[in-house]
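**Q** Take this structure, written in structure tokens, and hold onto it; I'll ask about it next.
The values are calculated or read from the model by the stated rules, or taken from the named source; none is laboratory data. Note that the structure is predicted; figures quoted are calculated from it, not measured. Ideal geometry is used to build each Cβ from the backbone, glycine not excepted, and the neighbour counts take in all protein chains shown. Surface areas here come from the heavy atoms of the whole protein model, side chains and all, with no ligands, DNA or RNA. Shrake-Rupley method; radii C 1.70, N 1.55, O 1.52, S 1.80 Å.
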Amino acid sequence: MTSHPVHRDSALIEVPEIIRELAPNDQAHEIITAIRRLPAREPQWAPMPDWIRPELMEAYRAKGIAQLYSHQAEASDLIRRGRNVVVVTPTASGKTLCYNLPVLNAIIENPDTRALYLFPTKALAQDQLAELNDLGKRLGDKFGVFTYDGDTPSDARRSIRQQGHVVLSNPDMLHSGILPHHTKWTRLFENLRYVVIDELHMYRGVFGSHLANVLRRLKRICRFYGRNPQFIFSSATIANPGELAARLIGSDVEVLDGNGAPSAEKYFIFYNPPVVNKFLGIRRSYINESWRISRGFISHGLQTIVFANSRLHTEILLTYLKQDNPQPPGSSEVVVGYRGGYLPTERREIEHGLRSGRIRAVVATNALELGIDIGSLDAAVLAGYPGTIASTWQRAGRAGRRKGASCAVLVASSHPLDQFIVKHPEYFFGGSPEHAHIQPDNLEILVNHLKCAAFELPIESGEVFGGMDLSILCDSLAEAGYLHKSGNYWYWIQEAYPADTVSLRSISSDNFVIIDETGQPEVIGETDFSSALTTVHPKAIYMHGAQQYHVDRLDFDQRKAYVRKVNVDYFTQAIRYTEIKKLEAEEEFAVPGPAVKAHGDVQVRSQVVGFKKIKFYTLENVGSGKLELPENEMHTTAYWVTVRRELLDSLSFTISERQDGLFGLLYALESVASLLVMCDRMDLGATIGEGMPGMEPGIDSSPKMEFFEPTLYLYDAYPGGIGLSEPLFRLHDMLIVRTKELIAGCSCEKGCPSCVGPTGETSERAKEAALAILERLSHGITQRLEVSKA
């Protein structure tokens, strides 16, 4: 909701005292690595624009909003003038009012006006529905606002199509439920003036590439009905919001990143669990430390939110905190969980309990990261780095959304990304370096949406859809029996409904269904083909919700994985043999080292040949197994660094130690790369080729051979690529320097999971060798980066 903050007394007068309690013996600042005090900021006000209709102004006044923050006034004015806009401001700065005000004003001025709001989650759409319904009642129901998603009853859909002035939906429903049936939505498309896309920063990688194509189809249908809608985005702070928004819609977008909203005093603390085994680099469990810190906040009477990065960890932390805060029989719980899978009524009850203060603590997944209104919280504990700086700020922003001091604590895991962030706080606090990347012209994604577009409207010769030559693609689809050309148009001739088989969350629609056979067989999930090979192979531990499942068998013909419930203290990690072949280099340059950096097209052949059993928390390797699964082959894009023989010959290490150093370097390189291009680690593959077997770290490639000039590859883990390789090529200097900082800054002696990989999988000199290679690769780079900053 967008109501302006109401003042309350500070609940955190004793923040310094609480910080001292977190690590009382941390004299060397190795546990608490950063304490940032973010001072309170006063609001910057602007009057309500004079073009606002009196009844709308009165409705907002009745909600306590008589004037606007400066960024709200500026955004409303730009939208009123017909500009495509992206609003980039922090959590709880009133972004929704930026677009609700001009949109509702336009609907009151002309009741035929229609708007489509797209949210990445159903919960966000429901939150916005409550806000708009409240305004609607105050305005005497002058406009209709409805959610349209998979939960919408079929008998309500007809009236929504006719009476909905504002339709709240999500990209998946637009793709499969609205665009293919546009003839039923003529009232919407003939009058569509605004398209609002919330949480822009979520649309990156595969999901963002799909959304760009969905929006191409939307604009195409709008043109058919004689409309050219205006696009409005809201986003958390990333480095390239304007570029991302422009890429999504193929048009210029104005960036508005000022912020006139007030904010209360906040303390942001980075907490690195103490090392319990320095030789192995093993730290105290970050889940247990998050529990201890949360318990301390709750005992001080602070309303607390705890974020975990998986459903399993959410359930573990929730169990611990409930045991700490038992309630008498029949009374309401004061500690609750909140994640996907809860019923809408349960979620609404929890949100209300948090706003009223009845609920004292909530343990959540990223379901509460986005802008759902949960009122005023005092403390946020983040159990593990969420993966991006934008998500971290959003989670931390859930505390202190109203006035009054607040506190956020990031508890680092042993993962290299977590360790890099807590040991380099200046990287986190120094402004967002994260770029969100998409590749809407990925051939497989583009062709799938071209099929959907042809189903919706015939494709005309010379029509533009993305950056590809449509005539060649349409001819190919005609040969395959999907299209038929008649005159200047290609027509869809299949009986199948193409949008049904295209998932916006993956490139291929060839999915495996996961069936639980513990009792009555039940479908519990699905996964795409490439992920199935590594996550639901035979003997894998598959995690779903708070439950672990053992994979008994994988049926390739029927695309089914059969699992049963188990309770074990480890997870599995697939071991792949990967062979990579350069096809064509787009760009190639000599760099210090000596070495060569390049990016271009590659062919990747991989096969899952075994798996490791990794113990929870300590990440120890406690077992392994062999597998024989089908080989997978794909054409994709990659960034690579070829290490020259001259560099290798200058190293005072054995051949075996050099090889382990390269594997350790690749392990760290992959982690830092995912940080720089704001992607999930699953979006990137890593291997070494050219002169040594293309194996992933952890595989014994004996007998070790004297390699010639090894190449370290980071490749897009999707057919055709999703736009990560070229940015990594451009970020080469920063990637090398940050990787060196990560490994050099690790307190372990011989290598550990936080830098070059677990001890026991590499030689004792792997860390030393990796740093020696990086020392040569980074020669002169630091000075260049400092000059470019200046």
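**Q** Are any of the residues in the stretch 213-236 part of a loop (DSSP other than H, G, I, E, B) and under 18 Å from Phe119 (Cα atoms)? Steps first, answer last, please.
**A** Of the stretch 213-236, the ones part of a loop (DSSP other than H, G, I, E, B) are 225-229, 236.
Narrowing the set further to residues that are under 18 Å from Phe119 (Cα atoms) leaves 229, 236.
So far as the stretch 213-236 goes, yes, one or more of its residues are part of a loop (DSSP other than H, G, I, E, B) and under 18 Å from Phe119 (Cα atoms).
**Q** Oh, and also: Modelled with pLDDT of 85 or more, hydroxyl-bearing (Ser, Thr, Tyr) and open to solvent by 10 Å² or more (accessible area, probe 1.4 Å) - does that describe any residue in the stretch 337-358?
**A** Yes: one or more hits.
**Q** Have a look at Ala532, Ala540, Ala595 and point out the one that is closer than 30 Å to Ser650 by Cα and among the small types (Gly, Ala, Ser).
**A** Ala595
**Q** Testing Pro697 on (1) surrounded by fewer than 21 Cβ atoms within 10 Å (Cβ to Cβ); (2) modelled with pLDDT under 80; (3) not charged (D, E, K, R), one condition comes back false. Which one is that?
**A** Result: Pro697 fails condition (1) only.
**Q** If Leu619 passes every condition in (1) at pLDDT 90 or above; (2) touching a Pro at 6+ places or on another chain (Cβ under 6 Å) but one, which one does it miss?
**A** (1)
**Q** Mind listing just one residue for me: the one in the stretch 49-74 that is of a type in the set (Ser, Thr, Tyr) and assigned to a helix (DSSP H, G or I) and, of those, farthest from Asp134 (Cα to Cα)? Reasoning before the result, please.
**A** Here is the first cut: in the stretch 49-74, the ones of a type in the set (Ser, Thr, Tyr) are 60, 69-70.
Now drop any that are not assigned to a helix (DSSP H, G or I), which leaves 60, 70.
Numbers: Tyr60: 10, Ser70: 24 Å.
Among those residues, the one meeting the criterion is Ser70.
**Q** While we're looking at this one, here's another question. State yes or no: is Gly353 free of Cβ contacts under 8 Å to residues at least 24 places away in the same chain and either among the small types (Gly, Ala, Ser) or part of a loop (DSSP other than H, G, I, E, B) (or both)? Give the steps one after another, and end with the answer.
**A** Numbers: free of Cβ contacts under 8 Å to residues at least 24 places away in the same chain: yes; either among the small types (Gly, Ala, Ser) or part of a loop (DSSP other than H, G, I, E, B) (or both): yes.
Taking the combined requirement at face value, the residue satisfies it.
**Q** Moving to a separate point now. Looking only at residues that are of a type in the set (Ser, Thr, Tyr) and modelled with pLDDT under 90 in the stretch 359-387, which one is farthest from Leu317 (Cα to Cα)? First the steps, then the outcome.
**A** Applying the first criterion (of a type in the set (Ser, Thr, Tyr)) to the stretch 359-387 yields 365, 376, 385.
In the following step, the residues that additionally are modelled with pLDDT under 90 were identified as 365, 376.
Working: Thr365: 11, Ser376: 22 Å.
Once the filter is applied, the top-ranked residue is Ser376.
**Q** Let me ask something additional. Please go through the stretch 371-385 and pick out each residue that is surrounded by fewer than 23 Cβ atoms within 10 Å (Cβ to Cβ) and farther than 30 Å from Gln327 by Cα.
**A** none
This table checks each residue for (1) at pLDDT 90 or above; (2) in contact with a strand residue (DSSP E or B) (Cβ under 6 Å, 6 or more places away or on another chain); (3) in a strand (DSSP E or B).
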| residue | (1), (2), (3) |
| --- | --- |
| His550 | yes, yes, yes |
| Leu554 | yes, yes, yes |
| Asp557 | no, no, no |
| Val563 | yes, yes, yes |
| Phe571 | no, yes, yes |
| Thr578 | no, yes, yes |
| Glu584 | yes, yes, yes |
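**Q** Go through the stretch 396-415 and give me each residue that's open to solvent by less than 10 Å² (accessible area, probe 1.4 Å) and at pLDDT 90 or above.
**A** Ala396, Cys407, Ala408, Val409, Leu410, Val411, Ala412
**Q** Separate question: Take the residues in the stretch 287-313 that are open to solvent by 40 Å² or more (accessible area, probe 1.4 Å) and not in a loop (DSSP other than H, G, I, E, B); name whichever of them is modelled with the lowest pLDDT.
**A** Arg311
**Q** Which of (1) in contact with a Leu (Cβ under 9 Å, 6 or more places away or on another chain); (2) within 22 Å of Glu21 (Cα to Cα); (3) among the small types (Gly, Ala, Ser) does Gly337 not meet, given it meets every other one?
**A** Looking at each condition in turn, Gly337 falls short on (2).
**Q** For the stretch 98-140: of the residues being more than 18 Å from Val195 (Cα to Cα) and part of a loop (DSSP other than H, G, I, E, B), which is least open to solvent (accessible area, probe 1.4 Å)?
**A** Across the stretch 98-140, the extreme among qualifying residues is Leu139.
**Q** Can you confirm whether the stretch 214-232 contains a residue that is on the phi > 0 side of the Ramachandran plot and in contact (Cβ under 8 Å) with a residue 60 or more places away in the chain? So that I can check it myself, show each step before the final result.
**A** First pass over the stretch 214-232, keeping only residues on the phi > 0 side of the Ramachandran plot: 226.
Applying the additional criterion that residues be in contact (Cβ under 8 Å) with a residue 60 or more places away in the chain yields none.
No, every residue in the stretch 214-232 fails to be on the phi > 0 side of the Ramachandran plot and in contact (Cβ under 8 Å) with a residue 60 or more places away in the chain.
**Q** From the list Ala40, Ala75, Ala125, Ala106, pick out the single residue that is at pLDDT 95 or above, small (Gly, Ala, Ser) and out of contact with any Cys (no Cβ under 8 Å at 6 or more places or on another chain). Can you show your working first?
**A** Working: Ala40 fails: at pLDDT 95 or above; Ala75 fails: out of contact with any Cys (no Cβ under 8 Å at 6 or more places or on another chain); Ala125 fails: at pLDDT 95 or above.
So the residue among Ala40, Ala75, Ala125, Ala106 that is at pLDDT 95 or above, small (Gly, Ala, Ser) and out of contact with any Cys (no Cβ under 8 Å at 6 or more places or on another chain) is Ala106.
**Q** Still on this model: Test of understanding: among Gly723, Gly751, which residue is part of a loop (DSSP other than H, G, I, E, B), over 23 Å from Asn272 (Cα atoms) and touching a Pro at 6+ places or on another chain (Cβ under 9 Å)?
**A** The unique qualifying residue is Gly723.
**Q** Return yes when Glu456 is within 28 Å of His635 (Cβ to Cβ) and either open to solvent by less than 10 Å² (accessible area, probe 1.4 Å) or touching a residue at least 60 places away in the same chain (Cβ under 8 Å) (or both) and no when it is not.
**A** Details: within 28 Å of His635 (Cβ to Cβ): no; either open to solvent by less than 10 Å² (accessible area, probe 1.4 Å) or touching a residue at least 60 places away in the same chain (Cβ under 8 Å) (or both): yes.
Answer is no for this residue.
**Q** Here is a follow-up. Quick one: which of His175, His182 is crowded, with 21+ Cβ neighbours inside 10 Å and either out of contact with any Gly (no Cβ under 6 Å at 6 or more places or on another chain) or within 24 Å of Asp683 (Cβ to Cβ) (or both)?
**A** The conditions single out His175.
**Q** I'd like the residue in the stretch 7-37 that is closer than 16 Å to Gly400 by Cβ and in a loop (DSSP other than H, G, I, E, B) and, out of all such residues, is modelled with the highest pLDDT. Before the answer, list the steps.
**A** Within the stretch 7-37, the subset closer than 16 Å to Gly400 by Cβ is 7-15, 18-19, 35-37.
Pick out the ones that are also in a loop (DSSP other than H, G, I, E, B) and you get 7-14.
Numbers: His7: 34, Arg8: 37, Asp9: 41, Ser10: 41, Ala11: 45, Leu12: 45, Ile13: 48, Glu14: 62.
Filtering the stretch 7-37 for residues that are closer than 16 Å to Gly400 by Cβ and in a loop (DSSP other than H, G, I, E, B), the one modelled with the highest pLDDT comes out as Glu14.
**Q** Something else now. Given the conditions (1) surrounded by fewer than 21 Cβ atoms within 10 Å (Cβ to Cβ); (2) under 27 Å from Arg398 (Cβ atoms), which single one is not true for Pro49?
**A** All conditions are met except number (2).
**Q** Give the residue that is surrounded by the fewest Cβ atoms within 10 Å (Cβ to Cβ), with candidates limited to residues of the stretch 315-331 that are among the hydroxyl-bearing types (Ser, Thr, Tyr) and in a helix (DSSP H, G or I).
**A** Step one: list which residues in the stretch 315-331 are among the hydroxyl-bearing types (Ser, Thr, Tyr), which gives 319-320, 331.
Cutting the leftovers down to in a helix (DSSP H, G or I) gives us 319-320.
Details: Thr319: 15, Tyr320: 19.
The residue in question is Thr319.
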